[in-house]
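Colleague: Handing you a structure now.
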Amino acid sequence: MRLTNEGARLYELAAPHLCGIEEAASLAAGAVGQVQGLLRASVNPIFARNVLAPRLPEFAARYSQLRLTLVPQQDGGDLVADGADVAIRFGSQPDSTMSSRLLLETRVLTVASRRYLVTKGRPQRPMDLVTDECTQFVDPQ
């Protein structure tokens, strides 16, 4: 088998570019071994303080070439427009072309002060709270 004249001409024209492509692929493959650069993470401030903060020293030691910027969560914000690389969210998320992964399971807590329990008693079901004065924290997400 031999190249046609057209094939030989194509190779002659493409060969210098193939070297550049090979060099770029080698550089990219080398970057995979070392996590580096800037990572912008959109997170809930309470989650950042209570869950992420205690683990940040370990994370920084493991990925010393990575600069992490925590960005407060924007309700219903556009992650791409906000410049976020990753986001941590709670609950089911709207349909999207973005990839997601379950990181942990959480639960919703209903809490009461001792004083409330002494005065009102312990509610047996959610409907018991309908007529009481309660402070509710509702996360729109």
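The values are calculated or read from the model by the stated rules, or taken from the named source; none is laboratory data. Predicted model, so just to flag it, every value in this text is computed and none were measured. Using ideal geometry, Cβ is built from the backbone for each residue, glycine included, and neighbour counts are taken over all protein chains shown.
Colleague: For the stretch 41-93, name all the residues that are within 16 Å of T106 (Cα to Cα) and part of a strand (DSSP E or B).
Modeller: Within the stretch 41-93, just V43 meets the criteria.
Colleague: Of the residues in the stretch 83-113, how many are surrounded by 10 or more Cβ atoms within 10 Å (Cβ to Cβ) and over 13 Å from the mean Cα position of the chain (by Cα)?
Modeller: 2
Colleague: Sticking with this structure for a sec: Would you call R55 under 30 Å from I88 (Cα atoms), basic (K, R), surrounded by 11 or more Cβ atoms within 10 Å (Cβ to Cβ) and without any contact (Cβ under 8 Å) to a residue 60 or more places away in the chain? Show your work before the answer.
Modeller: Details: under 30 Å from I88 (Cα atoms): yes; basic (K, R): yes; surrounded by 11 or more Cβ atoms within 10 Å (Cβ to Cβ): no; without any contact (Cβ under 8 Å) to a residue 60 or more places away in the chain: yes.
Considered against the rule, which asks whether it is under 30 Å from I88 (Cα atoms), basic (K, R), surrounded by 11 or more Cβ atoms within 10 Å (Cβ to Cβ) and without any contact (Cβ under 8 Å) to a residue 60 or more places away in the chain, R55 comes out as no.
Colleague: Can you work out which of the residues in the stretch 13-40 that are part of a loop (DSSP other than H, G, I, E, B) and of a type outside the set (G, A, S) is modelled with the lowest pLDDT? So that I can check it myself, show each step before the final result.
Modeller: First, the residues of the stretch 13-40 that are part of a loop (DSSP other than H, G, I, E, B): 33-36.
In the following step, the residues that additionally are of a type outside the set (G, A, S) were identified as 34-36.
Numbers: Q34: 76, V35: 79, Q36: 83.
Here the residue is Q34.
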